[in-house]
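The values are calculated or read from the model by the stated rules, or taken from the named source; none is laboratory data. The model shown is predicted, which means the values in this text are computed figures rather than measured ones. Reconstructed Cβ throughout: ideal geometry from the backbone, glycine too, with neighbour counts over all protein chains shown.
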Amino acid sequence: MGYPSASHITGRKLAELLGSWSADQRPSSQSLFQYVKQLVLDGRLPPGTRLPAERDLAETLGVSRTLVARTLERLRESGFAESRRGAGSWVTLPGGKCSPTPHGGWYPSASGNEIIDLAQATPTAPPEVGEATDRARLRLVEEITGHGYHPQGHPVLRERIAERYSRRGLPTRPEQILVTNGAQHAFALVLRMLVAPGERVLVEHPTYPNSLEAIRGTNASPVAVPMVPGGWDLELLEATLRQSSPRLAYLIPEFQNPTGALMGEADRARLVAMLRRSHTTAVIDETLVEVDLTGSAPPPPVASFAERNVITIGSASKAFWGGLRLGWLRAPEDVVQRMVVGRAQLDLGCPVLEQLVLAELLADAEAILARRREEWAARRDCLAAALGEHLPDWSFRVPDGGLSLWCDIGAPMGSRLVMAAAEHGVRLAPGSRFAVNGSQESRVRLPYALPEEHLVEAVRRLAKAVSALGEVAAAPALEPQVT
């Protein structure tokens with residue numbers, strides 16, 4: 001089946017997605033084939049995407065056209081591409097060899113193994129979601145006689161979100177809250193309002209990959225500031241603010257995704273002073289703020305040091321459930337009102353029932369979160385112990401919160417490990433997914449959102465995948481490389 005009218009990906013964009021596909025070996029059609037195949041299985045090259053012309057891709061990658069032609073031939077032979085004279089080539093899926101995962105993307109059926117998904121750091125819903133839904137349905141009766149539109153968010157939900165900020169030391173009125181369809185939606189609204197094409201957005205490196213896509217989607221340029229062991233290099237961050245003059249900064253001070261680092265109170269005050277001097281607005285992503293596993297008082301919100309320079313975004317996805325698809329934005333009231341006006345170009349608000357459900361959950365949030373934090377801490381420790389037993393050469397820092405370990409696997413083989421892991425029934429996200437320019441190949445992110453028995457089994461399978469990679473590296477080449 002073909003898709004001759006599907007979307008097109010340029011050679012430059014495909015090269016960005018491929019990252020360092022040949023960094024640790026001589027370029028070959030087999031290597032390029034494996035990396036393109038992984039992009040398809042990962043969902044980053046959807047079926048129907050028209051591939052670049054051979055000459056364009058060869059020039060962009062700096063390889064011979066013969067190598068690219070052989071790669072396309074391999075893709076066609078394995079069912080991952082089709083070609084038609086005059087129409088070019090496009091991505092397909094091999095019939096019967098792939099199945100959709102519960103969280104998106106396509107992966108080969110691992111011989112007799114159920115896929116264990118470690119690509120998503122997303123916990124399942126607590127039982128309280130069902131109970132909150134039952135209570136919300138009673139509240140819904142009061143709503144259905146009205147029009148059902150709340151462009152800024154349901155008043156009850158905004159009030160309860162504002163109350164949680166106030167209890168954390170950041171006095172907040174409901175008028176300062178905008179309810180959105182997730183934190184990603186909130187960030188997209190900020191980018192749309194504040195950033196023009198060609199402007200710069202400062203980001204941590206590594207960082208949350210979907211935010212990078214949102215930045216590039218506005219034709220803005222991400223400017224990376226590397227994370228250092230233990231957290232942030234504020235001197236380097238200040239120098240970058242001064243030299244690049246970014247319009248916006250996107251930062252994750254609470255259990256940074258993927259490193260798990262937590263910014264202390266003194267550094268938050270210093271950060272805000274830097275932002276004020278450089279006239280840069282910061283978007284502070286607090287998606288993981290509730291996943292604090294320390295049991296101690298968290299640092300005050302960044303916005304408590306300077307409200308005019310900070311827009312805070314949050315989400316229900318980690319604390320409660322991603323299926324609610326609800327997030328929010330906290331900012332000065334005039335900024336929120338501008339967002340509400342600009343939002344009308346995209347949507348007219350969030351579903352009422354889900355907002356009522358979240359309002360019910362927030363009414364009893366501490367009891368729910370206390371139990372979930374104990375569960376997450378036990379899973380974190382279980383994953384760390386399993387890695388120590390089965391993959392002792394891997395190194396990582398056990399974080400005080402968040403939902404994942406950021407593992408150094410000891411060699412630049414992250415993307416190859418992802419493909420080997422898929423063959424053993426484990427879905428992974430390579431470190432390169434979190435990088436601005438395709439580096440971080442010596443890293444993988446391992447979430448601990450799944451039950452403990454799944455985590456242990458996943459690590460056992462990963463150990464087998466690592467062993468298989470070592471055997472392949474030690475074996476002689478079975479065919480000549482095409483350059």
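May I ask you to verify whether GLU175 is acidic (Asp, Glu) and touching a residue at least 40 places away in the same chain (Cβ under 8 Å)? For GLU175, the condition - acidic (Asp, Glu) and touching a residue at least 40 places away in the same chain (Cβ under 8 Å) - is met. Consider the range 39-69. How many of its residues are crowded, with 18+ Cβ neighbours inside 10 Å, farther than 23 Å from ALA421 by Cβ and in contact (Cβ under 8 Å) with a residue 60 or more places away in the chain? The total comes to 2. Scanning the range 339-357 for residues that are at pLDDT 95 or above and either of a type in the set (Lys, Arg) or in contact with a Lys or Arg (Cβ under 6 Å, 6 or more places away or on another chain) (or both) returns a single hit, LEU356. Please verify whether the range 300-310 includes one or more residues that are out of contact with any helix residue (DSSP H, G or I) (no Cβ under 6 Å at 6 or more places or on another chain), acidic (Asp, Glu), surrounded by fewer than 21 Cβ atoms within 10 Å (Cβ to Cβ) and farther than 30 Å from LEU118 by Cβ. The answer is yes; a qualifying residue exists.
When residues in the range 264-281 are screened for being of a type in the set (A, V, I, L, M, F, W, C), surrounded by fewer than 23 Cβ atoms within 10 Å (Cβ to Cβ) and touching a Leu at 6+ places or on another chain (Cβ under 8 Å), 1 of them pass. All conditions in (1) part of a helix (DSSP H, G or I); (2) at pLDDT 95 or above; (3) under 19 Å from the mean Cα position of the chain (by Cα) hold for LEU237, with the sole exception of (3).
Does LEU170 satisfy the criteria of being in contact (Cβ under 8 Å) with a residue 60 or more places away in the chain and farther than 28 Å from TYR448 by Cβ? Yes: the conditions hold for LEU170.
Let me confirm something: among VAL203, VAL141, which residue is at pLDDT 95 or above and among the β-branched types (Val, Ile, Thr)? Please lay out each step first, then the result.
Values: VAL141 fails: at pLDDT 95 or above.
It is VAL203.
The residue list PRO480, PRO412 contains one member that is at pLDDT below 90, on the phi < 0 side of the Ramachandran plot, surrounded by 16 or more Cβ atoms within 10 Å (Cβ to Cβ) and part of a loop (DSSP other than H, G, I, E, B), which is PRO412.
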